[in-house]
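Q: First the structure, which I've put down as structure tokens, then a few questions once you've had a look.
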Amino acid sequence: AYLKASEVKEQRDLTGARETVACVMADMGTLIALQRGVLRLAEDAGDEATATLVGDNITVMEKDLWMLRAYSGK
């Protein structure tokens, strides 16, 4: 049920490191975009705790994504 509703789809038959990294980067981009939406909602609601938590998580994921892009040359 969760996989049907998820915007991040399960991947099968990934055979190489580069292919896997490309898939992870795409999924991380999707997750970052979704978290930005949550961040906007938290800010609009005046929920500073959630905004801080989500904002910090976005920062970490953006750094991780940057490192994967550097690794993959993209």
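Q: Somewhere in segment 44-53, is a residue in a helix (DSSP H, G or I) and in contact (Cβ under 8 Å) with a residue 24 or more places away in the chain?
A: No, segment 44-53 contains no residue that is in a helix (DSSP H, G or I) and in contact (Cβ under 8 Å) with a residue 24 or more places away in the chain.
Q: Still on this model: May I ask you to list the residues in segment 64-74 that are more than 20 Å from Gly37 (Cβ to Cβ) and assigned to a helix (DSSP H, G or I)? Steps first, answer last, please.
A: From segment 64-74, those more than 20 Å from Gly37 (Cβ to Cβ) are 66-74; that's our starting set.
Of everything in segment 64-74, those that are more than 20 Å from Gly37 (Cβ to Cβ) and assigned to a helix (DSSP H, G or I) turn out to be Trp66, Met67, Leu68, Arg69, Ala70, Tyr71, Ser72.
Q: Looking at segment 50-65, is at least one residue among the basic types (Lys, Arg) and modelled with pLDDT under 95? Spell out how you get there, then give the answer.
A: First, pick out the residues of segment 50-65 that are among the basic types (Lys, Arg): 63.
Right, trim to modelled with pLDDT under 95 and you get none.
Scanning segment 50-65 turns up no residue that is among the basic types (Lys, Arg) and modelled with pLDDT under 95.
Q: Being out of contact with any Ser or Thr (no Cβ under 6 Å at 6 or more places or on another chain) and outside any helix (DSSP H, G or I) is the filter; apply it to segment 14-43 and report the residue that is modelled with the highest pLDDT.
A: Going residue by residue through segment 14-43, those that are out of contact with any Ser or Thr (no Cβ under 6 Å at 6 or more places or on another chain) are 15-20, 22-41, 43.
Going one step further and asking which of them are outside any helix (DSSP H, G or I), we end up with 15-16.
Working: Thr15: 88, Gly16: 91.
Only one residue tops the list, namely Gly16.
Q: Checking Leu3 against (1) under 17 Å from the mean Cα position of the chain (by Cα); (2) in contact (Cβ under 8 Å) with a residue 12 or more places away in the chain, only one condition comes out false. Which one?
A: (2)
Q: Right, here's the next one. Given (1) exposed (fewer than 12 other Cβ atoms within 10 Å of the Cβ); (2) at pLDDT below 95; (3) not in a helix (DSSP H, G or I), identify the lone condition not met by Gln11.
A: Among (1) exposed (fewer than 12 other Cβ atoms within 10 Å of the Cβ); (2) at pLDDT below 95; (3) not in a helix (DSSP H, G or I), Gln11 violates only (1).
The values are calculated or read from the model by the stated rules, or taken from the named source; none is laboratory data. Note that the structure is a prediction, hence the values are computed from the model and not measured. Please note: Cβ atoms are built from the backbone with ideal geometry, for glycine as well, and neighbour counts cover all protein chains shown.
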